[in-house]
Amino acid sequence: MLGFNPLLFLGRLMLVGAFTLSSAAWSAVERLPLPPPQHDVILQVRGALTQHNVGDEAHFDFDLLTALPARQVVTSTSVTDGEQVFEGVLVRDLLDWVGAQGNVVEASALNDYVIEIPADDFREYDVILAHTMNGERLSARDKGPLWIVYPRDEVDELQDIRYDYRWVWQLHKLEVR
Ligand SMILES: Nc1nc2c(c(=O)[nH]1)N[C@H]1C(S)=C(S)[C@@H](COP(=O)(O)O)O[C@H]1N2
Ligand SMILES: [Mo]
């Protein structure tokens, strides 16, 4: 897939360093380089950001997105039967990487579904941008390329239907305000 990319490699190394420093981690993530995407863009982030790699936006291909630490959420959902194993990256890691400044994140899907999500959700809960479910990459024909997944089974308040609207599937854009 991807040949050796020194910038991305450096990025991964710095991330490992940043995330082992815990308390200093967030400010360190903001100073990571954000190289331009080299492959199909699966997520565009715009709005109140301090880091950009395409014009005044931050665009991610799969390799760039998954340079962030992998995170699993095992949970039931309102649209599937039983527990699913989701894999992705923490939304707050992504927001920290791009230097997001706002209180609201507007999420847009390929099917033109749009919803505003309070940025606090991503600080309070380990919400992920899932790219994989039960070991299979989510495709645009299904719920992909990305699905916002809340750790619903771990936190009682996340079982409120208010949160179901925020599980945006076919996600491809975030706007920080
Ligand atoms: N892309 C996209 N994501 C979406 C929706 C949608 O229409 N499109 N519907 C939301 C709503 S209102 C709910 S309750 C849950 C489940 O929606 P579904 O039952 O239409 O799959 O997904 C949310 N995420
Ligand atoms: Mo809904």
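Over the stretch 68-177, what percent of the accessible surface lies on carbon and sulfur atoms, probe 1.4 Å? The computed percentage sits at 42. Using the 1.4 Å probe convention, the accessible area of the stretch 103-177 works out to 50 Å² per residue with neighbouring protein chains retained.
Length available on full extension from residue 80 to residue 139: 0.36 nm per residue minus the Cα-Cα distance, which gives 19.7 nm.
The values are calculated or read from the model by the stated rules, or taken from the named source; none is laboratory data. It should be emphasised that the depicted structure is a prediction, and the values quoted were computed from it without experimental measurement. Side chains are part of the model used for accessible areas, which takes the heavy atoms of the whole protein and leaves out ligands, DNA and RNA. Shrake-Rupley method; radii C 1.70, N 1.55, O 1.52, S 1.80 Å.
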